[in-house]
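Input: a single structure, listed below in structure tokens.
Every read-out reported here was derived from the displayed coordinates using simple, explicitly stated rules and does not represent laboratory data. None of these values were measured; they are calculated from a predicted model. Please note: Cβ atoms are built from the backbone with ideal geometry, for glycine as well, and neighbour counts cover all protein chains shown.
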């Protein structure tokens, strides 16, 4: 349903006498009125190892923070935001090539059987109720401006943030007053800066290397404005990007 505020809908679902609710990726908070409807309670599948990363963007924030792993948790829903007692959890490593898109897919594949197992346990009235540790952390929802690439940061931070904002809102920089999305990147080194952040250091092999505040970043795949995703080296050669050129990275350049 588009809204849960309808009293008629509450009454209609109540007449079905449900034993359990299973809630996944639902953008609304269930009110106490709704939580009282199922006889045994409501179970939610969340994309983090609670109590870390409660809230709207757990997958993206785990990447943003450079975590080496994350997971999924099933919880008994309460009136808070992802604060209910835990039932089951599963962990998975975050791979160097992961983006928010690939990690979310893997977590969904990990979470589906976990939710099924939790529902079976709940139906048998055998599901655990493990209170979450406090304080937890909250995963603030991403904004479009979070995609703006700031090359004055260190290479690892930029890489982590690029993965976190892919596919949305996209890691956005620019060249010659045209937007360029960084689709895939890797830290090249963490040596002290030898050029101003955003300066192209190399156009060679299969990558374009750009100076950062600390170290440098390999651009491996990009999506130029109005174009398709391509290898960064092909974009650079087609656009005639050369060593010493500057990538736009400040917010004013992207407006």
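Semi-axes, largest first, in whole Å: what does sqrt of 5 times each Cα gyration tensor eigenvalue give for segment 1-112? Could you put the intermediate results ahead of the total?
Working: eigenvalues 179, 35, 27 Å².
In descending order the semi-axes read 30, 13, 12 Å.
Mind checking the full-extension length gain between residue 109 and residue 177? Use 0.36 nm per residue of separation minus the Cα-Cα distance, one decimal, nm.
Working it through step by step, the gained length comes to 20.4 nm.
For segment 125-195, what mean projected area does the convex hull of the alpha carbons give, in nm²?
Numbers: hull surface 34.7 nm².
It is 8.7 nm².
Looking at the chain as a GNM with Cα springs under 10 Å, which of 158, 233, 182 has the largest mean-square fluctuation?
Maximum fluctuation in the GNM of the chain, among the listed residues, is at 233.
By its C-alpha gyration tensor, with a ≥ b ≥ c as the square roots of the eigenvalues, how is segment 144-254 shaped: rounded for a/c under 1.5, else prolate for a/b larger than b/c, else oblate? Display every interim value, and only then the final one.
Values: a/c = 1.34, a/b = 1.07, b/c = 1.26.
Cα axes put segment 144-254 in the rounded bin.
In nm, to one decimal, how far is the residue 190 label point from the residue 89 one, both placed 7 Å along Cα→Cβ?
Once both label points are built, they end up 2.6 nm from each other.
For the chain, state the average projected area of the convex hull of the C-alpha atoms over all orientations, rounded to one decimal in nm².
Details: hull surface 63.8 nm².
Averaged projected area of the chain's Cα convex hull equals 16.0 nm².
Taking the chain as a Gaussian network, where each spring joins two C-alpha atoms under 10 Å apart, which residue of 217, 114, 20 fluctuates the most?
The residue with the greatest mean-square fluctuation here is 20.
Give the separation of the Cα centroids, segment 195-216 to segment 16-80, in Å.
Distance between centres, Cα-based: 41 Å.
Please build a GNM for the chain, connecting alpha carbons under 10 Å apart, and tell me which residue among 236, 11, 139 fluctuates the most.
Result: 11 has the largest fluctuation of those listed.
Got a sec? Which residues in segment 152-176 would a label at residue 141 touch, if it sits 7 Å along Cα→Cβ and we count backbone N under 16 Å?
168-169
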